[in-house]
Amino acid sequence: MAPLRSDLQYTIRRSARARRVRVTVDGAGEVVVTLPKKAAERRAAEAVKELRPWIDRRRGALLRAAEEVAREPGTLPYLGATLRVVAEPGRERVHRRGDVLLVPPGDSRDAIERYYRRRARAEIGPRLDAATARAGSRHAGLTIRGQRTRWASCSSTGKMSFNWRLLLAPEAVLDYVIEHEVCHLEVMDHSPRFWALLESRSPDWREHAGWLRRYGSTLVL
């Protein structure tokens, strides 16, 4: 990390596609400065100094959100349910038994992520099929990913992509995201026509979108 004159630290990344300096704060509160490929490194320090009030507010909001939805140690959320994580000697693959998640001993985060990815396809696939059937539309395939900055997407060809971390959110939030993407099968932009269509299919979408904006950073293992 590159130090600033204050106690704030940040990471510099360079991008050939970047046209301007961009400062972001990730879900863990880490500050990342993306620079155009040939930009002077001092521009990162200048940007961080200029945006310090916003950075502090963003970090404070992330901390408050984490406190508000803090979970009991040794548990994980699953579409609104709380699963107790139990290590089982000799186990290599994660398995759910009721409200217990049986995991391999030791550091099981990779195994748990693989479980959530598998379950994401099983949970999202039927919901997506049902939503497109209700809408009288069709999608062109489902992909499960683990993006850091995007929850879902719909391509112009109808291919759907969803983030497995949505299984860490309440069930209604997942259903909202699915309806949002299904609306994009008919309206690709976020025009008034799109929002009117979403409103007709998910009247409470603002509540769920607000939850995701506020607590999305907490959806990690």
Sort 166-175, 212-221 by packing, meaning the average of other beta carbons within 10 Å per residue, with the highest value first. 166-175, 212-221
If you place +1 on the Cβ of every Lys and Arg, -1 on the Cβ of every Asp and Glu, and leave all else neutral, what size is the dipole of segment 23-114 about its Cα centre, to the nearest 20 Debye? 320 debye
Tell me the relative contact order for segment 1-150 as a rounded percent, counting alpha carbon contacts under 8 Å between residues six or more apart. 11 percent
From the helices alone, meaning DSSP H stretches of at least four residues, give me the mean residue ellipticity at 222 nm for the chain, per-run term -39500 (n - 2.57), in deg cm²/dmol to the nearest 500. -13000 deg cm²/dmol
Per the charge dipole of the chain (beta-carbon charges, Lys/Arg positive, Asp/Glu negative, Cα centre), the residue among 212, 54, 197 reaching farthest to the positive end is 54
What net charge is computed for the residues neighbouring residue 151, neighbours being all others with C-beta under 11 Å from the C-beta of residue 151, Lys and Arg scored +1, Asp and Glu -1? +4
I'd like the Karplus ³J(HN,Hα) series for segment 95-108: coefficients 6.51, -1.76, 1.60, θ = phi - 60°, whole numbers in Hz, and an x wherever there's a Gly or Pro. 9, 9, 10, x, 9, 10, 10, 7, 10, x, x, x, 6, 9
For segment 140-150, in order, what is each residue's ³J(HN,Hα) by Karplus, 6.51 cos²θ - 1.76 cosθ + 1.60 with θ = phi - 60°, in whole Hz (x at glycine and Pro)? 10, x, 10, 10, 9, 10, x, 4, 8, 10, 9
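What accessible area per residue, rounded to a whole number of Å², is obtained for the chain using a probe radius of 1.4 Å? Let's see the in-between values first.
Working: 13020 Å² over 221 residues.
About 59 Å² of surface per residue is accessible.
Please label the shape of segment 150-210 as rounded, prolate or oblate, based on the square roots a ≥ b ≥ c of the eigenvalues of the alpha-carbon gyration tensor (a/c under 1.5 means rounded; beyond that, a/b larger than b/c means prolate, else oblate).
On the way: a/c = 2.34, a/b = 1.15, b/c = 2.03.
Cα axes put segment 150-210 in the oblate bin.
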Computed over the Cα atoms of segment 77-221, what is the ratio Rg over Rh, Rh following Kirkwood? 1.01
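Quick check: at a probe of 1.4 Å, how many percent of the accessible area of the chain sits on carbon and sulfur atoms? Intermediate values should be presented prior to the final figure.
On the way: 6320 of 13020 Å².
About 49 percent, which is the carbon plus sulfur part of the accessible surface.
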Scattering profile of segment 9-150 from the Debye formula, Cα beads only, expressed as log10 I(q)/I(0) at q = 0.17, 0.20 Å⁻¹, is -1.03, -1.11
Given backbone amide H placed at 1.01 Å from N, residues whose amide H is under 5 Å from that of residue 101, ignoring those fewer than 5 places away on the same chain, are 84, 85, 86
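The values are calculated or read from the model by the stated rules, or taken from the named source; none is laboratory data. All values derive from a computational prediction rather than experimental measurement. As a convention, Cβ positions derive from the backbone with ideal geometry for all residues, glycine included, and neighbour counts pool all protein chains shown. These area figures cover heavy atoms from the full protein model, side chains too; ligands, DNA and RNA do not enter into them. Shrake-Rupley method; radii C 1.70, N 1.55, O 1.52, S 1.80 Å.
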